[in-house]
Amino acid sequence: MAIKKINNKTDKKQSETFDQKGFRFFAAVGRFSVRFRWLVLIFWIVALVLIVNGLPTLSSVTKSDNTSFLPASSPTEKAINLENRFQTAGTVSVPVIIATRDGSQLTSQETAQLPKLVSQLGKTNGVAHVVDRGKSADGQADIVEVQAKILANGPEANITSFIKSLRSDINAAKLSSNLQAHLSGQLAVAVDNSKGSNSQNSSLQAGTVIFIIILLLVIFKAPLAPFITLVPPLIVVTIAGPIIAEAGSHGLKVSSLAQLLLTVLVLGAGTDYGLFLIFRVREEMEDGMNSREAIVKAMSRVGESITFSAATVIAALVSLLLATFQIYSTLGLPLAIGVALMLLAGVTLLPALLAIFGRAVFWPMKPRLSATKKFGLWGRVSSRIVRRPVPVLVIGLIVFGALAAFVGGYQAGGFGGQTNPPSGSDSAEGNALLAKHFPSNTSNPTQVLFVFAKPVWQNPQVLKKAQNLLGHDSEFNHVTGPLNPNGINISPQEYANLYKALGPPQLSGTRPLTAKLRPLPPSVVGLYKLTSAFVSPSGKVVQYSVGLRAGDPASTSAMNAVPEIRNHVAAIAASIGAQDNAVSGEAPAFYDISSISNSDLMRVIPVAVIVIGLLLGLLMRSLVAPLYLVASVVLSYLAALGVSVLIFIQLKGESGIVFILPFLMFIFLLALGEDYNILVMTRIREEAHSMTLKKAVTQALNTTGTTVTSAGLVLAGTFAVLGVVGGSTGSSEIEDIGFGLAIGILMDTFLVRTLLVPSIVTILGRWNWWPSKHGSWTGQDEDVSD
């Protein structure tokens, strides 16, 4: 095939014309940042001070319970709404567990101290009312229920202050030395988890910074370069949190996972963008430019790569808005805000810092003028790839395909999020006492709820019928309800009589006993108080705590049994005349999370692929290149997920990988993997204007190989630090996410970007850029010299 020859002079002219059209904007940005370097630095410092001191902290708006992100239409949300009828509208229950320290029964003298505690707690700001719910069946503990005038999704600063006040008032009550009192329930756990989350995030940020500094010292062999590289991402991660928190205080839901990923993503991606620019600055200085000229030239060349790299990440994150599971849809915007801020800092603050420090950035190394480009490791590797691209591609497809085959063993897990309080915390002690002395009131039971047209105390026989049907159903192995609230049976007629004498169980103890019931022992009255956990104040909603024959509610078998459980409960509801029914607890919530997560995966991924493909097409001016670049990411994703299954399930023996990992892995590998594609492909395109394609591929890999591998090591390392922090704090879900993403990024960096993609580029030749033409092509069959 005849290919038109061109001389070097024409080559250079066409290249300059292309530069003027393609890179003029980024050269102007670089020129501005260099010229007004001190002004740019002052702007970012002032913004940092104002934002940190003027906006709330990110931890004040984060949520750690995955079920709180389910859509309102989910069966779990319906069940939660029914459970809310067991408390006064606009309030949240905070149980206070009082128990003896030595395991003895509460004495009359100890019980006499409880009214003082109730009175003390009732004075706390934000408390609607306080009710003593009575003793446990073993006589060793008592529940005092605080109804708080505060919403569970209110500002965390208010919740934290409220819980702190309750604990202070418990201490002020000065219970006897043999008594201990602890808070339990949703609010107390959320506050204690928030403290743990803050500590975890601090450890993550410190560990990530230390790792990046050490790695950059090895890469640059210059003490100043790592710190200059890290200044922009550190400033961004500091100001992004308050900005996102401000949005959170106006309704944006932010998960604790978003808080952790924000730190990792901004520090990792920000360091990558820094490496893209600094390596190119050093290269231009080696070509004879002074430091400021080199910065402008580097910005003109890699500014587009950095911008489109950030754009692909932002596009992938924004596509999460299509998800119906809010832990996904609300994950996108916070992280997109962080990446957008990082892009702004990467193209303004970093060039300004480089201009301020000049050649000192690379001290004691000095970029030296070099007449010829030296071939490093990646130059030698790429020269062999372009000679034998087909075998490299075939072998790569076989290896990746074999790893992808392990995806068939994937099992999902980690649906509950961080619902358990930190070990040793006050709420952990409270939940432990609750489970020990009031087993039917444990913090995460499986509940069957029925809604009736009339209060059940008008027809208490329906309570017995419902309990019998549930007790004999094949899905349940035990049932606790209003007629056996603590293992002691009450007949329907006795329940009706107690209601007539005492009113609703929520108000029992506030009305005097009638003469007929006055001889009743206090234990019977206390037993009736406990039924308030099973019958709503209106008497129209009844719930039963049930055990599942399928196993632990957190198990996969229990989750898979949920559809059948719901069918059985619906049939029982029809037979007892209930108007409505629901099932609440871990297993139903996990089932809904799993279902909606799988649905969102199928909805969001195609959109993310299309959007990023369009961005790549715009950048590459090609319809062909985006196809194989996106396909390479899909292959890398499947292989990385297969390796995760092999490591976590088959080797470590875990029951499942956290359900969110496949979703996050695809989004991050698709977005972040394209960062390296963009850098490599734009450099190949640039070099192809003045040399043959094979030489262009070799030269591009020779100059960008170190940048890509360094950036990949940094990003993978930051996710690995996340995994280490998760493992050290006992969070297997965070550990899976951290190490799973690190594995995927390493595979993408060292195999896909530097081996498979160059081989495909070489095979396709001029078709890489179809239908556009970038430069004029000379003979593609020329040898590439080492």
Worksheet item: Taking residue 706 and the conditions (1) surrounded by fewer than 22 Cβ atoms within 10 Å (Cβ to Cβ); (2) modelled with pLDDT under 80; (3) of a type in the set (S, T, N, Q), which numbered condition does it fall short on, given that it satisfies the others?
Response: (2)
Practice prompt. Select from segment 616-634 the residues that are part of a helix (DSSP H, G or I) and open to solvent by 40 Å² or more (accessible area, probe 1.4 Å) and write down the one among them that is farthest from residue 409 (Cα to Cα).
Written response: 618
Discussion item. If I go through segment 148-166 residue by residue, how many of them are at pLDDT 75 or above and crowded, with 19+ Cβ neighbours inside 10 Å?
Written reply: 5
Worksheet item: How about segment 235-251: which of its residues are open to solvent by 10 Å² or more (accessible area, probe 1.4 Å) and either among the acidic types (Asp, Glu) or out of contact with any strand residue (DSSP E or B) (no Cβ under 6 Å at 6 or more places or on another chain) (or both)?
Response: 235, 237, 238, 242, 243, 246, 247, 249, 250, 251
Item to complete: Count, please, the residues in segment 450-463 that happen to be farther than 22 Å from residue 75 by Cβ and either touching a Lys or Arg at 6+ places or on another chain (Cβ under 8 Å) or buried (at least 18 other Cβ atoms within 10 Å of the Cβ) (or both).
Response: 7
Discussion item. Test of understanding: among 324, 263, which residue is at pLDDT below 90, out of contact with any strand residue (DSSP E or B) (no Cβ under 6 Å at 6 or more places or on another chain) and within 30 Å of residue 77 (Cα to Cα)?
Written reply: 324
Worksheet item: Say we look at segment 286-326 and pick out the residues that are buried (at least 20 other Cβ atoms within 10 Å of the Cβ) and basic (Lys, Arg); which of these is farthest from residue 602 (Cα to Cα)?
Response: 297
Worksheet item: Do you know which residues across segment 635-653 are touching a helix residue (DSSP H, G or I) at 6+ places or on another chain (Cβ under 9 Å) and either open to solvent by 40 Å² or more (accessible area, probe 1.4 Å) or among the hydrophobic types (A, V, I, L, M, F, W, C) (or both)?
Response: 635, 638, 639, 640, 641, 643, 645, 646, 647, 648, 649, 650
Worksheet item: Do we find a residue being at pLDDT 85 or above, charged (D, E, K, R) and in contact with a helix residue (DSSP H, G or I) (Cβ under 9 Å, 6 or more places away or on another chain) anywhere in segment 36-55?
Response: yes
Response to the item:
Within segment 170-192, residues open to solvent by 30 Å² or more (accessible area, probe 1.4 Å), of a type outside the set (Gly, Ala, Ser) and either without any contact (Cβ under 8 Å) to a residue 40 or more places away in the chain or in a helix (DSSP H, G or I) (or both) come out as 171, 174, 186
Worksheet item: Just wondering, is there one or more residues in segment 714-737 that are surrounded by fewer than 24 Cβ atoms within 10 Å (Cβ to Cβ) and over 30 Å from residue 193 (Cβ atoms)?
Response: no
Worksheet item: Restricting attention to segment 738-786, which residues are open to solvent by 60 Å² or more (accessible area, probe 1.4 Å) and modelled with pLDDT of 80 or more?
Response: 739, 746, 750, 751, 763, 766, 767, 770, 771
Discussion item. Here is a check on your reading of the model: is residue 668 assigned to a helix (DSSP H, G or I), at pLDDT below 80 and buried (at least 24 other Cβ atoms within 10 Å of the Cβ)?
Written reply: yes
Discussion item. Pull out all pairs, ordered by first then second residue, where Cβ-Cβ is under 6 Å, the residues are six or more apart or on different chains, the first lies in segment 419-438 and is over 13 Å from residue 95 (Cα atoms), and the second is in a helix (DSSP H, G or I) and of a type in the set (Ser, Thr, Tyr).
Written reply: 421/427
Worksheet entry | Any chance residue 359 is in contact with a Gly (Cβ under 9 Å, 6 or more places away or on another chain), farther than 16 Å from residue 672 by Cα and open to solvent by 50 Å² or more (accessible area, probe 1.4 Å) | no
Item to complete: Could you grab me the full set of residues in segment 690-699 that are open to solvent by 10 Å² or more (accessible area, probe 1.4 Å) and not in a helix (DSSP H, G or I)?
Response: 690, 691
Worksheet item: What are the residues in segment 213-232 that are under 25 Å from residue 33 (Cα atoms), assigned to a helix (DSSP H, G or I) and hydrophobic (A, V, I, L, M, F, W, C), if any?
Response: 213, 216, 220, 225, 227, 228, 230, 231
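The values are calculated or read from the model by the stated rules, or taken from the named source; none is laboratory data. On a predicted model such as this, the values are computed, not experimentally measured, just so you know. With ideal geometry, Cβ positions are generated from the backbone for all residues, glycine too; neighbour counts draw on all protein chains shown. The accessibility values were calculated without ligands, DNA or RNA, using every heavy atom of the protein model including side chains. Shrake-Rupley method; radii C 1.70, N 1.55, O 1.52, S 1.80 Å.
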